1. Select, from ASP266, ASP247, ASP239, the only residue that is of a type outside the set (S, T, N, Q) and open to solvent by 50 Å² or more (accessible area, probe 1.4 Å).
2. Considering only region 291-318, state which residues are open to solvent by 60 Å² or more (accessible area, probe 1.4 Å) and of a type in the set (Val, Ile, Thr).
3. Out of all the residues in region 256-263, is one or more within 31 Å of the chain's Cα centre (by Cα), closer than 28 Å to GLN101 by Cα, surrounded by fewer than 18 Cβ atoms within 10 Å (Cβ to Cβ) and small (Gly, Ala, Ser)?
4. If I ask for residues that are assigned to a loop (DSSP other than H, G, I, E, B) and in contact with a Gly (Cβ under 9 Å, 6 or more places away or on another chain), which ones from region 276-307 would you list?
5. Determine whether region 248-263 contains at least one residue that is in contact with a Ser or Thr (Cβ under 9 Å, 6 or more places away or on another chain) and more than 30 Å from GLY94 (Cα to Cα).
6. Six or more apart or on different chains, Cβ under 8 Å: which pairs go from a residue in region 1-29 that's among the aliphatic types (A, V, I, L, M) to one that's at pLDDT below 85 and surrounded by 11 or more Cβ atoms within 10 Å (Cβ to Cβ)? Could you list them?
7. Since PRO310 meets every condition but one in (1) closer than 30 Å to LYS161 by Cβ; (2) part of a loop (DSSP other than H, G, I, E, B); (3) not hydrophobic (A, V, I, L, M, F, W, C), which condition does it not meet?
8. Restricting attention to region 10-66, which residues are in a helix (DSSP H, G or I) and either at positive phi or small (Gly, Ala, Ser) (or both)?
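The values are calculated or read from the model by the stated rules, or taken from the named source; none is laboratory data. Please read all numbers here as calculations on a predicted model, not as lab measurements. Positions of Cβ are backbone-derived with ideal geometry, glycine not excepted, and every protein chain shown enters the neighbour counts. Only protein heavy atoms, including side chains, enter the accessible area calculation; ligands, DNA and RNA are left aside. Shrake-Rupley method; radii C 1.70, N 1.55, O 1.52, S 1.80 Å.
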Amino acid sequence: MFTKSYIKHGRLLIRHADKLLRYRRDMLSESTSAEMKAQIERVRQALTKKDELAVRQESERLHALYTQHLPTPKDAAWRENVEVILVAIVVAIGIRSYFLQPFKIPTGSMQPTLNGIIGHPMTEPAPNILRQVAEFFVLGRNYINVVSAEEDRIEQITPQKFGFFFTFSRIKCERQNFLVYAPPDTLRQDFKLAPGNHYNKGDVIARGAIDTGDQVFVDKFSYNFMKPHRGNVFVFRTDQIFGIPADPETGEHSFYIKRLAGLPNDALRIDPPLLFVNGKVAEGFGFARVMSAKPPYRGYAPGRDYLSDPTKTYTVPEHRYFAMGDNSYNSYDSRWWGPVPEENLVGRGLFVYWPFNWHWGFIR
């Protein structure tokens, strides 16, 4: 720790030079080996005398001799670039696995706190390409314009995913097929597309803007050290939750994002527009904003299987958490399928990183 840097550098050079002599003794000429051994000895003598100037000078000569006979690795540039890329991938995977994970809001159950994918039907044409590019990068908005080239009828609308974030729809007609950058639910709900719809030649099937869902970073680290807090916006897996089926195409369960309305042993009750927790009106900014019922918020609505009776309470079981969407009248949540098992928790919704609209920033 207290050894001077020039001494450390000299010793390190001697060690590497000795290693080079051992590894390449069958390839180095006798004169080269002798020259390198002599130079190593000069550095040792300078180190023994602790003559800083001599050590630096002899070390430079040894370094030049060492690098002169050091074998040049093949494709050094390619190897270095590959190493950098692999290290970056490993770091990214590590961060995603243990610290932060990106998550895209697919539905409107948390609106307007967090936006899902929203369609805006239009009759006028899309703006010019420069404005479209700017709106995509800033607002996450893209435009669709699907026009029937002949008389036809929709047979099927199926999802088609590309990567983690990009969901398209395949509109299959009797005579035509269209690939549209919008999920099937958005086309059905906002653009009123459905199997059986009939179109004449030149009719608009779907035209308008699609706003991508908010994309957030999920903090996967905090819940390893502290219990979730009531009022957190949190992400959880949907496996082991009766009533939430797996994806029929992939067989995989999805991830949901909701607000944590009830902790284990909490007694919950909904008397619209209010949510009661343990006999008191729920406290916290997120709850207050929903219960204010000021548009676009509408307050909390009774459930179907849980919290359906304003006069009765429901007690959350041990190791379970009650999840509710801020868009209570249009949220498929624990009021329908019950509490979330503790082992399903993924993490807390932390930050909206894109698009750069008024939601950008920390989630409340």
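1. Of ASP266, ASP247, ASP239, the one residue that is of a type outside the set (S, T, N, Q) and open to solvent by 50 Å² or more (accessible area, probe 1.4 Å) is ASP247.
2. Within region 291-318, THR311, THR313, THR315 qualify.
3. no
4. Result: ALA282, GLU283, GLY284, SER292, ALA293, ASP305, TYR306.
5. Yes, because at least one residue in region 248-263 is in contact with a Ser or Thr (Cβ under 9 Å, 6 or more places away or on another chain) and more than 30 Å from GLY94 (Cα to Cα).
6. Matching pairs, first to second residue: LEU13/TYR66; ALA17/TYR66; LEU20/TYR66; LEU20/HIS69; LEU20/LEU70; LEU21/LEU28; LEU28/HIS69.
7. Condition (1) is where PRO310 drops out.
8. Within region 10-66, GLY10, ALA17, SER31, SER33, ALA34, ALA38, ALA46, ALA54, SER59, ALA64 meet the criteria.
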